[in-house]
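These notes concern the structure reproduced below.
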Amino acid sequence: MSHENLKNHSSPESGKDDMSFCAAQAEWQMRTLFDNVPGMVLRISTDSGTILCAAGNLLERMGFTAADFPMKTGTFMDRIHPEDAEAVTVLLGQMSGKRRKRRREFRLLLSKDEPIWVQAILSSSPDPSGAMRIDGYLHDITERMELERELKDQLKLQEQLFATIPVPLVIKDTNSRFLQVNQAFSDFVNIPMEKILGRGPYEVFSPELAEMVFREDADIFLTGRTELDLERRVKDGHGRWMWLKSYKGPLLDSRGDIVGLVGGNMDITA
C-alpha cells in the first residue's frame, strides 16, 4: 500500500465510516435477533404510556409489525382478553414507580385465531434521563396450559373413581405417609380424611397393626414387589374385629423409580 493510500485509509473520515458501518451492522444483527425470537420483546415508557418498540414472531401473529411502533399502550391493551386486562393494568401501574421484576400469565387475542396464553416477564428500571421504562418478554404458553388442564381433568377423574370404589384404598409416599385415601378407608379407621392425609401408620392404626403395615411398606420400597394376598385379622376404628385381604404394590414415576405405594383392602369376614 502506498504512503498516500495509507494516509487516506487512516483518515478521520474513513474511521467515521468504519464506525458507522459497524454500528449499522450491530443494529441489523440485533433487529434480526429480535424479529426471530419465538415470542415478543417490547419496551414501554411509563411516563408517556407508550410502547416505544416491539419485535418478535408473536407480533406478526397479533397483526402488528415493528413499523406500527411507537404505539399507545391502550391500543395493545385492547388485544388482552377482557377477563385479564384489569390485572395486567394493575401490574403495569405497580411497576411504573420503582425497579421491579414481575411475571404474569394472561390471554392475548390474535388477529384471526383463538386466544392464546402468554407468560410475560417484565422488568422496570429508569432510562438514562431518569424516566421509568418497562422491558418485557412475552412467550406463548398455550400448549403448556392445555397440558396442565388435561392433567387436572385426569386427576379429577382419578379422584372421582378413587372416591367411588367401595373398598378402602390408599396411596402413600416412600415414608409411608398417606397422600390420598378414599371415604371407605376413612370409614374403616373412623378418622376424617383430612386428619389422615400427611400422617403415617402409627398415627392412624393401633401400635400392633401400624408396626406390621410399616414393615410391609418398607419391604415393598426395598424390593419393588407387589403383594396381592395378605390376609390378617384386624380391629377397625369402631372396635370391630374382621378378616381383611390386603394388596399393595409400588407406585412408579415415568423413569421407573419408586415414589410411593398404592394399596387396598377387602373384608373377607365370613
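Yes or no: the stretch 110-127 includes at least one residue that is in the same structural domain as residue 40 (by TED's automatic domain parsing), β-branched (Val, Ile, Thr) and in contact (Cβ under 8 Å) with a residue 24 or more places away in the chain.
Checked the stretch 110-127: at least one residue is in the same structural domain as residue 40 (by TED's automatic domain parsing), β-branched (Val, Ile, Thr) and in contact (Cβ under 8 Å) with a residue 24 or more places away in the chain.
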*Please work out which residue is modelled with the lowest pLDDT, limiting yourself to the stretch 70-99 and to residues that are charged (D, E, K, R) and either part of a loop (DSSP other than H, G, I, E, B) or surrounded by fewer than 15 Cβ atoms within 10 Å (Cβ to Cβ) (or both).*
98
*Which one is farthest from the chain's Cα centre (by Cα) among residues in the stretch 207-241 that are surrounded by fewer than 14 Cβ atoms within 10 Å (Cβ to Cβ) and closer than 16 Å to residue 178 by Cα?*
211
_Being in the same structural domain as residue 262 (by TED's automatic domain parsing) and surrounded by 14 or more Cβ atoms within 10 Å (Cβ to Cβ) is the requirement here; does residue 171 meet it?_
yes
*Being assigned to a loop (DSSP other than H, G, I, E, B) and at pLDDT below 90 is the filter; apply it to the stretch 123-153 and report the residue that is nearest to residue 47 (Cα to Cα).*
131
*Please give the number of the condition residue 179 fails out of (1) free of Cβ contacts under 8 Å to residues at least 60 places away in the same chain; (2) under 20 Å from residue 162 (Cβ atoms); (3) among the aliphatic types (A, V, I, L, M).*
(1)
_Here's a check for you: in the stretch 38-69, which residue that is surrounded by 14 or more Cβ atoms within 10 Å (Cβ to Cβ) and part of a loop (DSSP other than H, G, I, E, B) is modelled with the highest pLDDT?_
69
*Read through the list (1) among the hydrophobic types (A, V, I, L, M, F, W, C); (2) under 25 Å from residue 47 (Cα atoms); (3) not in a strand (DSSP E or B), then give the number of the only condition that residue 120 fails.*
(3)
*Which of the residues that make up the stretch 225-246 are of a type in the set (A, V, I, L, M) and either within 18 Å of residue 190 (Cβ to Cβ) or not assigned by TED's automatic domain parsing to the domain that holds residue 190 (or both)?*
234, 242, 244
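The values are calculated or read from the model by the stated rules, or taken from the named source; none is laboratory data. Bear in mind the structure is a predicted one, so any value in this text is a computation, not a measurement. We place every Cβ from the backbone using ideal geometry, glycine too, and count neighbours over all the protein chains shown.
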